[in-house]
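Colleague: Encoded as structure tokens, here's the structure I'll be asking about.
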Amino acid sequence: MPDTLTRFGSNSGQPTTRRDGIAKVTGQATFAADNHPEGMLHAVYVPAGIARGRVAHLEVEAARAHPGVTHVITPGNRPDLPGDPDAKPTRFSFRIEVLQDDTVRYAGQPIALVLAETLEAATEGARLLAPRYEAEPPRTGLDDNAPFAVEEPGFGAPGDTVHGDPEAGHAAAATSIDATYDTPPQYHNAMESHAVVAQWDGDRLTLDTPSQALAMSCAAYAHLFGIEAADITLRSPYLGGGFGSKAIPNGPMVLAILAAREAGRPVKLSLTRRQMFGPVGHRGATRQRLRLGCDADGRLTVIDHETLAATSTFETFLESASNASQGLYASSAIRSAHQGVRLDVGTPGPMRAPGEASGSAALECAMDELAQAAGIDPLEFRLRNYAETEPGTGKPYSSKALRECYARGAEAFGWADRPARPGTMRSTDGKLVGWGMGTAFFPSPMFAAEARATLRADGSATLETGGADMGQGAWTALAQIAADGIGLPLDRVELRSGLSTLPDGGVAGGSGHTATAGGALHSAGGDVVRQLSELASGQPDSPLFGAGNATFEARGGRLQIAGDDGRGDAFADILARAGLSELTGSGSASRPDADSRDYAMNSHGAVFAEVAVDPDLGQIRVRRLVGAFAAGRIVNPRLAESQLMGGMIWGLSFALHEAAVHDPRSGRILNADLAEYRVPVNADVQGLEVITVEEDDPHVNALGIKGVGEIGITGTVGAIANAVWHATGTRVRRFPIGLADLLAAE
Ligand code: MOS
């Protein structure tokens with residue numbers, strides 16, 4: 001059998017526009033809540049109005065009597081859920097809130113569900129339930145409960161690590177800092193709120209619901225409902241944003257599915273914006289203490305990073321913020337530690353750059369503070385502490401073009417002209433101007449995925465994997481990879497995805513979707529090419545007959561002898577000679593354990609920020625952001641740049657805008673809407689420049705792809721905070737930084 005070679009790069013590497021773009025802008029793309037099956041009931045749940053206590057009374061009869069209301073489901077009559085909602089059926093699972101009892105554990109927790117013939121009737125029925133509570137004082141701030149130690153590290157429970165001797169590192173330091181940073185609770189606010197349309201047919205279940213992990217979601221639902229995962233069809237063609245909150249099934253979705261089974265009719269539940277603040281995850285608050293020291297040459301002797309992270313009273317998910325300090329800067333000693341604190345809030349969860357976003361914010365500020373204390377330029381300080389191998393483990397990096405990122409970012413920004421002293425730059429309009437920078441860093445994980453490729457007699461192909469497009473452009477980038485794998489032009493390739501009955505596309509999370517699902521698609525195409533090669537070399541009429549010892553290459557719908565463009569055969573001709581109407585191949589992708597063992601794998605980058613601060617009002621504007629990123633092979637520069645920009649804008653949001661504010665009396669979130677939960681708008685985003693530095697990474701995975709989905713937030717938060725210091729001379733160690741922080745410091 002001939003060797004085959006599939007050239008990577010005829011479709012990949014192109015700035016192809018989104019294949020789903022026209023469907024989206026013309027409204028042809030349907031999202032979960034757009035489905036209205038015959039006979040469908042509408043579900044509306046009642047969110048708890050207190051954060052801690054119990055539900056003492058619900059006006060069930062009043063709700064039931066409302067015209068159109070068909071079911072009122074409370075803890076008292078909640079239908080049986082075959083699976084234990086406290087169990088962990090998948091690697092990423094949480095205990096979920098599904099009316100187990102009348103206890104209220106956070107504001108916004110579902111306490112009853114109403115089904116009705118119309119949305120209006122269900123909404124009114126839910127209102128009529130008029131809950132009365134026995135409330136206890138809520139604990140919503142990090143000081144409101146005693147910290148606890150992480151007993152068993154795992155998903156959501158980051159462990160502690162120590163490299164070297166931190167005490168000796170502290171003692172050896174010529175210059176040191178000890179600073180504590182606070183990050184607030186932040187809530188994912190995807191444009192598409194969580195929604196489900198559930199239909200039962202006996203023990204078969206069909207779900208229209210957005211999911212970042214179709215197979216994993218089906219496994220969780222199968223467990224909860226006591227059915228086979230194969231009996232669930234989950235359709236998730238498009239997500240209007242996920243950001244981690246659509247990776248893991250949540251209480252409201254499960255309640256709606258349960259209600260559909262009870263009612264014997266399809267049920268739709270779509271969360272309101274306000275309901276997005278509570279039961280569907282968030283980025284938990286942290287308080288991080290960083291104690292850093294360096295010697296007289298500015299080399300780190302210790303990074304000591306302790307995180308206190310909020311979680312709920314009934315589940316543990318802690319921001320693994322201290323992990324950010326493990327793999328980035330060379331230091332003779334590194335300690336990263338975590339503690340949790342249980343609060344009356346919904347369970348936090350992964351939110352874009354979980355752990356690293358918060359951790360990088362604190363670490364990059366601390367590095368700036370130490371550079372300042374040591375009298376060294378912040379960029380030079382990072383270069384002096386550049387890690388050539390992973391600190392602690394000594395593993396080589398699979399690739400690391402961070403030096404190039406620093407150089408190219410600094411050059412584009414003009415960093416060399418930065419005055420060392422803060423408060424010395426003014427713009428012509430009298431604003432204080434400051435420049436800051438931060439290192440961007442995010443791990444490059446990979447999940448496992450499978451895919452199928454079908455080549456047809458006309459030379460077109462369908463490639464299939466059950467992944468998801470969250471708006472990031474996966475379906476475009478994946479189609480480019482798939483086309484390369486099977487050796488066809490992009491316009492001859494149809495990508496089918498977003499359906500759980502397709503081969504498992506893995507998890508669209510951890511910035512690993514392109515590498516994971518793309519790897520599987522590429523491999524499935526390669527399987528078809530191998531079969532074609534075997535066929536052609538045995539077909540007397542093929543120009544490739546008898547060339548079984550050669551290496552074949554698939555390109556543009558043809559199979560050729562590698563390096564010999566003159567000798568080749570068309571896919572369609574090979575199939576026709578073999579009398580085949582189609583040829584199917586399968587593929588899979590995952591990372592070999594040996595590679596994970598032997599290499600440290602991360603994306604890297606450098607972000608530079610310019611802010612202008614009004615000296616009288618304290619108002620902060622980010623005038624310029626320049627980010628240079630190295631993330632392995634860039635499959636689609638247009639989409640990668642867009643992802644990185646989105647990440648940097650989120651970093652700006654973290655630095656200056658986003659925070660959920662709890663009313664300390666009720667424990668409710670005061671700004672649970674998009675009017676008052678501030679995120680940047682166009683006017684907040686001025687100069688934004690992204691530079692990508694290509695890396696050839698032979699270890700990270702077969703395709704050399706690292707991922708760009710999350711890294712943009714990291715580095716950016718610190719860069720902006722450091723620029724605010726450089727403009728004003730005031731160090732603000734809590735996020736988001738607001739004008740009050742600057743005015744209070746006067
Ligand atoms: Mo992400 S927070 O891995 O969707």
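The values are calculated or read from the model by the stated rules, or taken from the named source; none is laboratory data. This one's a predicted model, so the numbers in the text were calculated from it and none came from an experiment. Here the Cβ positions follow ideal geometry from the backbone for every residue, glycine too, while neighbour counts run over all protein chains shown.
Colleague: Anything in the range 275-321 that is within 18 Å of the chain's Cα centre (by Cα), small (Gly, Ala, Ser) and not in a loop (DSSP other than H, G, I, E, B)? List them, or say none.
Modeller: Listed by number, the list holds a single entry, Ala321.
Colleague: In the range 514-532, is there at least one residue being out of contact with any helix residue (DSSP H, G or I) (no Cβ under 7 Å at 6 or more places or on another chain) and within 16 Å of the ligand (Cβ to nearest atom)?
Modeller: There is at least one residue in the range 514-532 that is out of contact with any helix residue (DSSP H, G or I) (no Cβ under 7 Å at 6 or more places or on another chain) and within 16 Å of the ligand (Cβ to nearest atom).
Colleague: Suppose the filter is modelled with pLDDT under 95 and either within 16 Å of the ligand (Cβ to nearest atom) or on the phi < 0 side of the Ramachandran plot (or both); does Gly327 pass it?
Modeller: For Gly327, the condition - modelled with pLDDT under 95 and either within 16 Å of the ligand (Cβ to nearest atom) or on the phi < 0 side of the Ramachandran plot (or both) - is met.
Colleague: Answer with yes or no whether Glu369 is more than 16 Å from the ligand (Cβ to nearest atom), surrounded by fewer than 24 Cβ atoms within 10 Å (Cβ to Cβ) and under 16 Å from Ala721 (Cβ atoms).
Modeller: Spelling it out, Glu369 is indeed more than 16 Å from the ligand (Cβ to nearest atom), surrounded by fewer than 24 Cβ atoms within 10 Å (Cβ to Cβ) and under 16 Å from Ala721 (Cβ atoms).
Colleague: Restricting attention to the range 222-248, which residues are more than 16 Å from the ligand (Cβ to nearest atom) and either among the basic types (Lys, Arg) or within 24 Å of Arg352 (Cα to Cα) (or both)?
Modeller: Passing the criteria: Leu234, Arg235, Pro237.
Colleague: Tell me whether the range 719-735 contains one or more residues that are closer than 30 Å to Gly587 by Cβ and touching a residue at least 60 places away in the same chain (Cβ under 8 Å).
Modeller: Looking for residues that are closer than 30 Å to Gly587 by Cβ and touching a residue at least 60 places away in the same chain (Cβ under 8 Å), one finds none in the range 719-735, hence no.
Colleague: Would you confirm, using the coordinates I've provided, whether Ser270 is within 16 Å of the ligand (Cβ to nearest atom), modelled with pLDDT of 95 or more, among the small types (Gly, Ala, Ser) and under 24 Å from the mean Cα position of the chain (by Cα)?
Modeller: no
Colleague: Taking the range 150-189, which residues are at pLDDT below 95 and small (Gly, Ala, Ser)?
Modeller: Gly154, Gly156, Ala157, Gly159 - these are the residues of the range 150-189 that are at pLDDT below 95 and small (Gly, Ala, Ser).
Colleague: For the range 384-398, indicate whether the set of residues that are more than 19 Å from Ala631 (Cβ to Cβ) and over 30 Å from the mean Cα position of the chain (by Cα) is non-empty.
Modeller: yes
Colleague: Oh, and also: Residues that are in contact with a Ser or Thr (Cβ under 7 Å, 6 or more places away or on another chain) and either surrounded by fewer than 16 Cβ atoms within 10 Å (Cβ to Cβ) or modelled with pLDDT of 95 or more (or both): which strands (runs of 3 or more DSSP E) entirely in the range 561-661 hold 2 or more of them?
Modeller: 582-589, 602-613, 620-630
Colleague: How many residues does the range 332-348 hold that are assigned to a loop (DSSP other than H, G, I, E, B) and crowded, with 24+ Cβ neighbours inside 10 Å?
Modeller: Total satisfying the criteria: 5.
Colleague: A further question on this structure: Pull up the range 503-548, narrow it to residues that are in a loop (DSSP other than H, G, I, E, B) and hydroxyl-bearing (Ser, Thr, Tyr), then point me to the one that is nearest to Glu356 (Cα to Cα).
Modeller: Among those that are in a loop (DSSP other than H, G, I, E, B) and hydroxyl-bearing (Ser, Thr, Tyr), it is Ser511.
Colleague: Of (1) touching a Phe, Trp or Tyr at 6+ places or on another chain (Cβ under 7 Å); (2) closer than 26 Å to Gln619 by Cα; (3) buried (at least 23 other Cβ atoms within 10 Å of the Cβ), Ala353 satisfies all except one. Which?
Modeller: The single condition Ala353 does not satisfy is (2).
Colleague: Okay, moving on. Within the range 370-383, which residues are within 29 Å of the chain's Cα centre (by Cα) and of a type in the set (Asp, Glu)?
Modeller: none
Colleague: Now, a different point. From the list Ile257, Ile248, Ile232, Ile227, exactly one residue is under 30 Å from His42 (Cβ atoms), touching an Asp or Glu at 6+ places or on another chain (Cβ under 7 Å), in the same structural domain as Ala172 (by TED's automatic domain parsing) and among the aliphatic types (A, V, I, L, M). Which is it?
Modeller: When all the criteria are applied, what remains is Ile227.
Colleague: Of the residues that sit in the range 441-476 and are among the hydrophobic types (A, V, I, L, M, F, W, C) and more than 16 Å from the ligand (Cβ to nearest atom), which one is modelled with the lowest pLDDT?
Modeller: In this case the residue turns out to be Trp475.
Colleague: Tell me, please, whether a residue that is at positive phi and outside the structural domain of Arg19 (by TED's automatic domain parsing) can be found in the range 633-642.
Modeller: Checking the range 633-642: not a single residue is at positive phi and outside the structural domain of Arg19 (by TED's automatic domain parsing).
Colleague: Here's something else I'd like to know. Out of everything in the range 433-469 that is of a type in the set (A, V, I, L, M) and surrounded by fewer than 24 Cβ atoms within 10 Å (Cβ to Cβ), what residue ends up being farthest from Arg623 (Cα to Cα)?
Modeller: Looking at residues that are of a type in the set (A, V, I, L, M) and surrounded by fewer than 24 Cβ atoms within 10 Å (Cβ to Cβ), I get Ala457.
Colleague: Same structure, new question: For the range 167-184, indicate whether the set of residues that are in a strand (DSSP E or B) and under 23 Å from Gly346 (Cβ atoms) is non-empty.
Modeller: yes
Colleague: Check off (1) within 16 Å of the ligand (Cβ to nearest atom); (2) in contact with a strand residue (DSSP E or B) (Cβ under 6 Å, 6 or more places away or on another chain) for Gly709 and give me the number that stays unchecked.
Modeller: All conditions are met except number (2).
Colleague: Additional query: Would the range 276-293 turn up any residue that is among the aromatic types (Phe, Trp, Tyr), assigned by TED's automatic domain parsing to the domain that holds Arg95 and surrounded by fewer than 24 Cβ atoms within 10 Å (Cβ to Cβ)?
Modeller: Taking every residue of the range 276-293 in turn, none turns out to be among the aromatic types (Phe, Trp, Tyr), assigned by TED's automatic domain parsing to the domain that holds Arg95 and surrounded by fewer than 24 Cβ atoms within 10 Å (Cβ to Cβ).
Colleague: Next question. Could you list, in sequence order, the residues of the range 382-409 that are in contact with a strand residue (DSSP E or B) (Cβ under 9 Å, 6 or more places away or on another chain), surrounded by fewer than 20 Cβ atoms within 10 Å (Cβ to Cβ) and aliphatic (A, V, I, L, M)?
Modeller: Once the filter is applied, which keeps residues that are in contact with a strand residue (DSSP E or B) (Cβ under 9 Å, 6 or more places away or on another chain), surrounded by fewer than 20 Cβ atoms within 10 Å (Cβ to Cβ) and aliphatic (A, V, I, L, M), the range 382-409 yields Ala387, Ala407.
Colleague: So for the range 682-705 (the condition being hydrophobic (A, V, I, L, M, F, W, C), without any contact (Cβ under 8 Å) to a residue 60 or more places away in the chain, more than 16 Å from the ligand (Cβ to nearest atom) and closer than 24 Å to Gly241 by Cβ), does at least one residue qualify?
Modeller: Yes; the residues of the range 682-705 include at least one that is hydrophobic (A, V, I, L, M, F, W, C), without any contact (Cβ under 8 Å) to a residue 60 or more places away in the chain, more than 16 Å from the ligand (Cβ to nearest atom) and closer than 24 Å to Gly241 by Cβ.
Colleague: How many residues, within the range 185-221, are assigned to a strand (DSSP E or B) and either in contact (Cβ under 8 Å) with a residue 40 or more places away in the chain or buried (at least 16 other Cβ atoms within 10 Å of the Cβ) (or both)?
Modeller: Of the residues in that region, 11 qualify.
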